[in-house]
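J.: Let me give you the structure first, and then I'll get to my questions.
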Amino acid sequence: TTGFVENFDTTDTGSSTNQTVPVCWSFIDGGTGYGYVAASNAFSPAKSFYLFYNGDPVNPYILVSPETNDLGSGYYRVTFKARTGTTGTQLIFGTMSNKLDASTFTALQTFTLQSNYNADYVMYLPVGTDDYFAFKHGQNGTYVSINIDNVVYEPIPDCPLPINLTASPDFNTLTAQL
């Protein structure tokens, strides 16, 4: 795989009783919550993937990517948009060796989401042996929803945008310290 984009717009809309995922993606539904492609709360028109957690603290809810052949090379990243219905909800990004077995999920980073799509999330994938990346509901609240959109799996660009950049301007000299 050299990369792909998934914005969920070409997948049939689902529901809590008709869970839909894009072709080659999978969803691990561990209990009373659910996940499906929804025609609401999308970043880019018209759909997003919707994860809903009903309050079962034990069983996971994980959206799993298609298989990749190069995920563990250390040369790829995933960018995505995400939002929640409840500010402070956590989304855990990780990798998996088996798309059907939640116990193979390895957490890489936990993101605390906002109720809008203002943040751009970027994960640089480490060297490893897993073939899938995955989005796991953090299950840190009850009756909490997450929308995921505009997932991009791509080689790390030669000149990636800086992250965590801060600037201290000096208006007297018209300079800035980065």
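J.: Looking only at residues that are part of a loop (DSSP other than H, G, I, E, B) and not hydrophobic (A, V, I, L, M, F, W, C) in the range 87-103, which one is least open to solvent (accessible area, probe 1.4 Å)?
T.: Result: T89.
J.: Now a separate question. Would it be correct to say that L63 is within 14 Å of G141 (Cβ to Cβ) and not in a loop (DSSP other than H, G, I, E, B)? Talk me through it step by step, then tell me what you get.
T.: Details: within 14 Å of G141 (Cβ to Cβ): no; not in a loop (DSSP other than H, G, I, E, B): yes.
Taking the combined requirement at face value, the residue does not satisfy it.
J.: What is the residue count in the range 3-36 for residues that are surrounded by fewer than 14 Cβ atoms within 10 Å (Cβ to Cβ) and touching a Lys or Arg at 6+ places or on another chain (Cβ under 6 Å)?
T.: 0
J.: Does any residue in the range 1-15 that is outside any loop (DSSP other than H, G, I, E, B) come within less than 6 Å, Cβ to Cβ, of a residue that is open to solvent by less than 70 Å² (accessible area, probe 1.4 Å) six or more places away or on a different chain, and which pairs are these?
T.: Final answer for the pair search is F4/Y153; V5/V152; E6/P22; E6/V151.
J.: Regarding P160, is this residue of a type outside the set (D, E, K, R), open to solvent by 60 Å² or more (accessible area, probe 1.4 Å) and assigned to a loop (DSSP other than H, G, I, E, B)? Full working, then the answer.
T.: On the way: of a type outside the set (D, E, K, R): yes; open to solvent by 60 Å² or more (accessible area, probe 1.4 Å): no; assigned to a loop (DSSP other than H, G, I, E, B): yes.
Here the answer is no, as P160 does not meet what is asked.
J.: Cβ-Cβ below 9 Å, separation at least six or inter-chain, first residue in the range 36-54 and in a loop (DSSP other than H, G, I, E, B), second open to solvent by less than 30 Å² (accessible area, probe 1.4 Å) and at pLDDT below 90: which pairs?
T.: N54/G33
J.: Further question on the same structure: Failed condition for Y153, given (1) loosely packed, with under 12 Cβ neighbours inside 10 Å; (2) farther than 19 Å from G33 by Cα; (3) aromatic (F, W, Y), with all others met?
T.: That leaves (1) as the condition not met.
J.: May I pose another question? Considering T112, T106, which residue is more than 21 Å from D29 (Cα to Cα) and touching a Gly at 6+ places or on another chain (Cβ under 8 Å)?
T.: Just one listed residue meets the conditions, T112.
J.: Take the residues in the range 55-82 that are in contact (Cβ under 8 Å) with a residue 60 or more places away in the chain and among the polar types (S, T, N, Q), then tell me which one is nearest to N116 (Cα to Cα).
T.: In this case the residue turns out to be T79.
J.: As an exercise: evaluate S103 against (1) more than 19 Å from I148 (Cα to Cα); (2) in contact (Cβ under 8 Å) with a residue 24 or more places away in the chain and give the number of the one condition it does not meet.
T.: (2)
J.: Which condition number in (1) over 30 Å from A39 (Cβ atoms); (2) open to solvent by less than 70 Å² (accessible area, probe 1.4 Å); (3) among the charged types (D, E, K, R) is the one that K136 fails?
T.: The one condition K136 does not meet is (1).
J.: Right, next: Restricting to the range 53-69, name every residue that is under 17 Å from A134 (Cβ atoms) and open to solvent by 30 Å² or more (accessible area, probe 1.4 Å).
T.: Correct list: N59, E67, N69.
The values are calculated or read from the model by the stated rules, or taken from the named source; none is laboratory data. From a predicted model like this one, the values you see are computed outputs, not experimental measurements. Note that each Cβ is placed from the backbone with ideal geometry, even for glycine, and that neighbours are counted across all protein chains shown. For accessibility, only protein heavy atoms count, side chains too; no ligands or nucleic acids. Shrake-Rupley method; radii C 1.70, N 1.55, O 1.52, S 1.80 Å.
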